[in-house]
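J.: One structure coming up, written as structure tokens, with questions to follow.
The values are calculated or read from the model by the stated rules, or taken from the named source; none is laboratory data. These numbers were taken from a predicted model, which means no experiment stands behind them. Here the Cβ positions follow ideal geometry from the backbone for every residue, glycine too, while neighbour counts run over all protein chains shown.
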Amino acid sequence: MQKGRLLIVDDEEYMLQTLTYLFEEFTIFKASNGFDAIQILEKNKDIDVIISDQRMPKMTGSEFLAKAKVMSPNTTRILLTGYSDLDATISSVNNGEIFRYIMKPWNRERLISTVELGIEYSRNARSKAVEATKERINHQFQNEKLDVIHSPSKVLDSSIKKIKPEIVFIDQNPKHLSAFQELLSSNFSLHSFTSALQAYEVIVQRPISILVTEVFSGDSGFQFNDFIGAVKYTHPHLVIIILTDSQDAEVAMKLVNQVNIYKYLIKPFKRSYLLESLAEGFKTSLLYKEHPESNPFFNRLATKHPLKQMPKSFEPKGINEAVRLSKAAESEKKTY
């Protein structure tokens, strides 16, 4: 097997040397700024993993990773930082779709395991079978972004309207749920709830593609992170979009590492951006269903449940057992 190919980006020479030494078994590319890193990426599209510092002059890590996502979408992107920066965190999730958000100082073994997992994910994502499925899905829904700005209520074409993907919305404010219903019902089949427990019952029973939820403080005896972890553990194909008015960088960082959230939208947000996120999220969910090996969360579970043996979706006996199983898996996780 070809050695892993890593691109390390940091404006501090000491950090470049430290990470180069840590990953000496891999093929290493180094850059001290985002502009040089872009040049390297242009010439080396088969890089498996990017590890980028956040605070760099002229171009931040999150800005670079957003460009890297466009240039090399199948390269795993990891953001390394010593600060809890809300804007950087939100940008890295929504624009860079990062794999992990790692705070300095890091744990050596966890960082190595995370990079190894990132290599596996990157190579699965660029396999011929996965690429062919992506091309087919994108061709089927190639017009989904038409009029996303000028006509947000008519953003989706007839192909997706015929399917009407099923989405679960959780918001403790009934007025918000009514507004979402009015905005989205022509394109999606919505299941709206103020209760996470009721939402989970529908997720178990229906072919849900996307979960859109606010960050709640507690519901039916369990906390938000317990609920979201249980949902993703039992239904790894689900794409998760967070809607919140909470400006907490640590919450967003934890959700990236725990369940690989797809988007983190802070209220108020543009309706057109939500619609576009749902359309793209639906395509991502289709890919995960057909190719679970392309799902970064599914790859993480593979350390305990081999991919060939683990079903695409399995049902424990209720939310409490799902929470117990997901927390046990999280405690055994060797990566970030």
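J.: Pick from Asn257, Asn299, Asn295: which is modelled with pLDDT of 90 or more, over 25 Å from Gln181 (Cβ atoms), buried (at least 22 other Cβ atoms within 10 Å of the Cβ) and of a type outside the set (D, E, K, R)?
T.: Of the residues listed, the single one that is modelled with pLDDT of 90 or more, over 25 Å from Gln181 (Cβ atoms), buried (at least 22 other Cβ atoms within 10 Å of the Cβ) and of a type outside the set (D, E, K, R) is Asn295.
J.: What is the one condition in (1) at pLDDT below 90; (2) assigned to a helix (DSSP H, G or I); (3) surrounded by fewer than 22 Cβ atoms within 10 Å (Cβ to Cβ) that Ala252 does not satisfy?
T.: That leaves (3) as the condition not met.
J.: Separate question: Among the listed residues Lys128, Lys134, identify the single one that is at pLDDT 90 or above, under 30 Å from Asp46 (Cα atoms) and touching a helix residue (DSSP H, G or I) at 6+ places or on another chain (Cβ under 8 Å). Can you show your working first?
T.: Values: Lys128 fails: touching a helix residue (DSSP H, G or I) at 6+ places or on another chain (Cβ under 8 Å).
So the residue among Lys128, Lys134 that is at pLDDT 90 or above, under 30 Å from Asp46 (Cα atoms) and touching a helix residue (DSSP H, G or I) at 6+ places or on another chain (Cβ under 8 Å) is Lys134.
J.: Continuing with this model, one more query. For the range 202-214, what are the residues that are over 23 Å from Ala279 (Cβ atoms) and either among the aliphatic types (A, V, I, L, M) or surrounded by 15 or more Cβ atoms within 10 Å (Cβ to Cβ) (or both)?
T.: Selection gives Val204 alone.
J.: Which one is surrounded by the most Cβ atoms within 10 Å (Cβ to Cβ), of the residues in the range 1-41 that are within 24 Å of the chain's Cα centre (by Cα) and assigned to a helix (DSSP H, G or I)?
T.: Ala37
J.: Quick check on my filter: what residues within the range 46-58 are over 14 Å from Ile102 (Cα atoms) and surrounded by fewer than 18 Cβ atoms within 10 Å (Cβ to Cβ)?
T.: Listed by number, the residues that qualify are Asp46, Pro57, Lys58.
J.: Just wondering, is there one or more residues in the range 58-67 that are under 24 Å from the mean Cα position of the chain (by Cα) and in a loop (DSSP other than H, G, I, E, B)?
T.: Looking through the range 58-67, at least one residue is under 24 Å from the mean Cα position of the chain (by Cα) and in a loop (DSSP other than H, G, I, E, B).
J.: Considering only the range 234-249, how many residues are assigned to a strand (DSSP E or B) and farther than 16 Å from Tyr288 by Cα?
T.: Looking only at that region, the number is 3.
J.: Exactly one of (1) surrounded by fewer than 18 Cβ atoms within 10 Å (Cβ to Cβ); (2) charged (D, E, K, R); (3) at pLDDT 90 or above is unmet by Arg100. Its number?
T.: Every condition holds for Arg100 apart from (1).
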